[in-house]
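Each remark here refers to the structure printed beneath this line.
Laboratory data are not the source of any read-out in this text; all were calculated from the coordinates shown. Note that this is a predicted model, so its numbers are computed, not measured. Because the Cβ atoms are built from the backbone with ideal geometry, glycine has one as well, and the counts that use them run over all protein chains shown.
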Amino acid sequence: MAFKIEFYPEAARDFDSLDGSVQKEVGKKIDALGENPFLGKPLGNKLGLDLAGFYKLYAFRKKTRIVCRTGKGYLEVIEIIGISKRDKEEIYKLIVKRLENPVDYFCGIFKGGPSLTRALLQDRQEEMNREDKKSV
């Protein structure tokens, strides 16, 4: 079964910013991920950041990290959250920032985005609204 690959807009920019030869290798890993969503190594707690449910893959002689997860509520979708040089563990901080509040962080970027992305943002916004109502 082939899984659909979805990129966060920032992850797509991460990919576009890679050198051509690195893009080719990362692309091969992402294609393989489409066939096996659990190809990478599971992440747990990194630097005090809860990354349970995320996976990391290495590409380009382990110089590049790809961080992904199965789509929230969509098991047949793999979301690529970030792609970065293997520079300490900066990618993990980056993806947590991207996921803290995607509605604010990506304000305006997703307006014409894929329906899955819109659905995820709507789910997140509704969840935040419910939390706000509970705290009042």
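Karplus-based coupling profile of segment 41-54, in residue order and whole Hz: 8, x, 9, x, 9, 10, 6, x, 9, 7, 10, 4, x, 9, with θ = phi - 60° in 6.51 cos²θ - 1.76 cosθ + 1.60 and x standing for Gly or Pro.
Give 24/93; 93/134; 4/134; 4/41 a once-over and call out the pairs whose C-alpha atoms are over 31 Å from each other. Table pairs above 31 Å Cα-Cα are 4/134.
Can you put 8, 58, 92 in order, fewest other beta carbons within 10 Å first?
Working: 8 26, 58 16, 92 20.
Fewest-to-most Cβ neighbours within 10 Å comes out as 58, 92, 8.
Full extension of the chain between residue 130 and residue 89 gives 11.5 nm of extra length, using 0.36 nm per residue less the Cα-Cα distance. Shape analysis of segment 1-60 places it in the oblate category; the axes a ≥ b ≥ c from the Cα gyration tensor give an a/c of at least 1.5, with a/b not above b/c.
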